[in-house]
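Trainee: Quick one: structure below, then a few questions.
The values are calculated or read from the model by the stated rules, or taken from the named source; none is laboratory data. Being a predicted model, the structure only gives us computed values, none of them experimental. Cβ: placed from backbone, ideal geometry, glycine included. Neighbour counts: every protein chain shown. We work out accessible area using only protein heavy atoms, side chains counted, and drop any ligands, DNA or RNA first. Shrake-Rupley method; radii C 1.70, N 1.55, O 1.52, S 1.80 Å.
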Amino acid sequence: MSSREAILGRIRAALTDVPRGETPEDVPVPRTYRRGHVEPGVDVVALFDERVADYRATVTRTDPAGLPAAIAAALTARGVRQLALPDGFPVELLPPGDWEWHPEPLDIPQLDALEGTITLAAAGIAVTGTIVLDTGPGQGRRALTLVPDYHLCVVRAEQIADDVPDALARLDPSRPLTFISGPSATSDIELNRVEGVHGPRTLDVVIVDTARSEHHV
């Protein structure tokens, strides 16, 4: 038996008396701990923007009508032309131009030959500046956002939760969740930072905020 099998076996044994479908909220245990760290009145979208940028990602905010232009500007600034396109990504959001969109299925050599990928998101977390993917429509499998060197992610303002508990409540725990906090980075024993080892070296995030278009009407 492997270590993984042993650990999962112990977890299953510990949960044998838990009714199927029971949630933490169904258990009468006092939950007086703090579930969020955003003070009342704080602009959650602006906080997410700030925290994502802290991770050396580039953030652009736009309204729905300006999304194709914002995508085009990001790709032009990076000099990226060949991108993987996950199943379910709305083609009407793609900007016109000479970009090459490579839809699935793609094998690893094909992904490795591409310059980047473009995806939607399942959620965003303002306090931590984190993007969450769950392989849903427009997000693709994990390889799409791990193999290419560049990732452009589109996040809707209404998808941004204030903190981790709020985000987890919106997500399906049975789906494969990927949490992204900035470009992939690691450090060696001397704390020398190296980016792009375990995923994209460069991350661009476009926040689509309907309120921006309403504000300019």
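Trainee: Here's a check for you: in segment 112-142, which residue that is out of contact with any strand residue (DSSP E or B) (no Cβ under 6 Å at 6 or more places or on another chain) and of a type in the set (A, V, I, L, M, F, W, C) is surrounded by the fewest Cβ atoms within 10 Å (Cβ to Cβ)?
Mentor: Looking at residues that are out of contact with any strand residue (DSSP E or B) (no Cβ under 6 Å at 6 or more places or on another chain) and of a type in the set (A, V, I, L, M, F, W, C), I get A113.
Trainee: For L94, state whether it is over 12 Å from the mean Cα position of the chain (by Cα), under 20 Å from T210 (Cβ atoms) and at pLDDT 95 or above.
Mentor: On the way: over 12 Å from the mean Cα position of the chain (by Cα): yes; under 20 Å from T210 (Cβ atoms): yes; at pLDDT 95 or above: yes.
The answer is yes for L94.
Residues are listed down the side, and each one gets a yes or a no for (1) open to solvent by less than 70 Å² (accessible area, probe 1.4 Å); (2) touching a residue at least 12 places away in the same chain (Cβ under 8 Å); (3) part of a strand (DSSP E or B):
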residue: E5; (1), (2), (3): no, no, no
residue: R10; (1), (2), (3): no, no, no
residue: A13; (1), (2), (3): yes, no, no
residue: E22; (1), (2), (3): no, no, no
residue: E25; (1), (2), (3): no, no, no
residue: P30; (1), (2), (3): no, no, no
residue: V38; (1), (2), (3): yes, yes, no
residue: L47; (1), (2), (3): yes, yes, no
residue: V52; (1), (2), (3): yes, yes, no
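Trainee: Could you list, in sequence order, all residues of segment 104-158 that are hydroxyl-bearing (S, T, Y) and either farther than 22 Å from E195 by Cα or in a loop (DSSP other than H, G, I, E, B) (or both)?
Mentor: Within segment 104-158, the first condition is being hydroxyl-bearing (S, T, Y), and the residues that meet it are 117, 119, 128, 130, 135, 145, 150.
Answer for segment 104-158, where residues must be hydroxyl-bearing (S, T, Y) and either farther than 22 Å from E195 by Cα or in a loop (DSSP other than H, G, I, E, B) (or both): T128, T135.
Trainee: When the residues of segment 159-181 are narrowed to those that are touching a residue at least 24 places away in the same chain (Cβ under 8 Å) and part of a helix (DSSP H, G or I), which ends up most open to solvent (accessible area, probe 1.4 Å)?
Mentor: At the first step, the residues of segment 159-181 found to be touching a residue at least 24 places away in the same chain (Cβ under 8 Å) are 159-167, 170-172, 175-181.
Remaining after also requiring part of a helix (DSSP H, G or I): 159, 164-167, 170.
Numbers: Q159: 19, V164: 52, P165: 44, D166: 51, A167: 1, R170: 116 Å².
Ranking the qualifying residues of segment 159-181, first place goes to R170.
Trainee: Could you please find all residues in segment 57-97 being open to solvent by 40 Å² or more (accessible area, probe 1.4 Å), in contact (Cβ under 8 Å) with a residue 60 or more places away in the chain and of a type in the set (S, T, Y)?
Mentor: Matches in segment 57-97: T58, T60.
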